[in-house]
Amino acid sequence: MKMMVKTISITIGVLALLAGAGYYFFTQNSTSGGEITKVADKIEEREEKEGTPEKSGTEEEDADMTEVDLQILLHQMTHQKISAGKKKGAVEMTQENIDGLLLIVQANKHLYEHGPFYEDALTEWQQGDFSNSVTVHNTIWDWHKGTVGRATGLMSAEEEQEFVERHFR
């Protein structure tokens, strides 16, 4: 009897640990876009105080968001629109997130190797055209030497709604 209680207790403890680890992993790979808003607000405040400088200080001091961080956020935003075998992370493709990233790109385009690519993609999204989502996803995926989860097409409206409900609601 004692052995059975001990076995059950250990099993429950291990399951609780796995559930906690799963929750932590999910919350670390899914972001609400809060980082986008914080950086965009910081850029707006800076521009209100200083105007819009072409280039000031060192490049490291000007960078409000690294290019890699921007790429990850763009990549995760495309997950709402594209079909792929595996998707890691999700950022909701809201007008606020699109506008915030566009502001970040425009403020830091002199720092970003692929600035025009980001600006073109985000401008299309801002205008409601998401047809480039597969290209954006796979381009960034290629830059990061992705091996799993290449986009194969756009999701249907129903599939996208299910994705939004599952990840953001």
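The values are calculated or read from the model by the stated rules, or taken from the named source; none is laboratory data. None of these values were measured; they are calculated from a predicted model. Counting neighbours? That spans all protein chains shown, and the Cβs are built from the backbone with ideal geometry, glycine included.
Might you let me know whether segment 90-101 holds any residue that is in a loop (DSSP other than H, G, I, E, B), under 17 Å from the mean Cα position of the chain (by Cα) and either free of Cβ contacts under 8 Å to residues at least 24 places away in the same chain or farther than 24 Å from Thr66 by Cβ (or both)? Looking for residues that are in a loop (DSSP other than H, G, I, E, B), under 17 Å from the mean Cα position of the chain (by Cα) and either free of Cβ contacts under 8 Å to residues at least 24 places away in the same chain or farther than 24 Å from Thr66 by Cβ (or both), one finds none in segment 90-101, hence no. With respect to the stated conditions, Thr139 is assigned to a helix (DSSP H, G or I), in the same structural domain as Leu73 (by TED's automatic domain parsing) and among the hydroxyl-bearing types (Ser, Thr, Tyr).
Whenever a residue of segment 125-140 is under 18 Å from Glu67 (Cβ atoms), its partners that are of a type in the set (Lys, Arg), lying with C-beta atoms within less than 7 angstrom and at least six residues away or across chains, give the pairs Asn138/Arg150.
Taken as a whole, the condition of being touching a residue at least 60 places away in the same chain (Cβ under 8 Å) and surrounded by fewer than 16 Cβ atoms within 10 Å (Cβ to Cβ) applies to Arg150.
For segment 153-169, taking the residues that are in contact with a strand residue (DSSP E or B) (Cβ under 9 Å, 6 or more places away or on another chain) and of a type in the set (Asp, Glu), the one that is surrounded by the most Cβ atoms within 10 Å (Cβ to Cβ) is identified as Glu160. In the condition set (1) within 22 Å of Glu159 (Cα to Cα); (2) modelled with pLDDT of 60 or more, Gly33 is compliant with all but (2). Taking the conditions (1) hydrophobic (A, V, I, L, M, F, W, C); (2) over 16 Å from the mean Cα position of the chain (by Cα); (3) in a helix (DSSP H, G or I) in turn, Leu111 satisfies each one other than (3). Within segment 62-89, residues that are over 14 Å from Thr135 (Cβ atoms) have Cβ atoms under 8 Å from residues that are surrounded by 16 or more Cβ atoms within 10 Å (Cβ to Cβ) and among the aromatic types (Phe, Trp, Tyr) in these pairs: Glu67/Tyr112; Leu70/Tyr112; Leu70/Tyr118; His79/Phe163; Gln80/Phe163, counting only partners at least 6 apart in sequence or on another chain. Here segment 68-106 is the region considered, the condition is being among the small types (Gly, Ala, Ser) and in contact with a Lys or Arg (Cβ under 8 Å, 6 or more places away or on another chain), and the residue that is surrounded by the most Cβ atoms within 10 Å (Cβ to Cβ) is Ala84.
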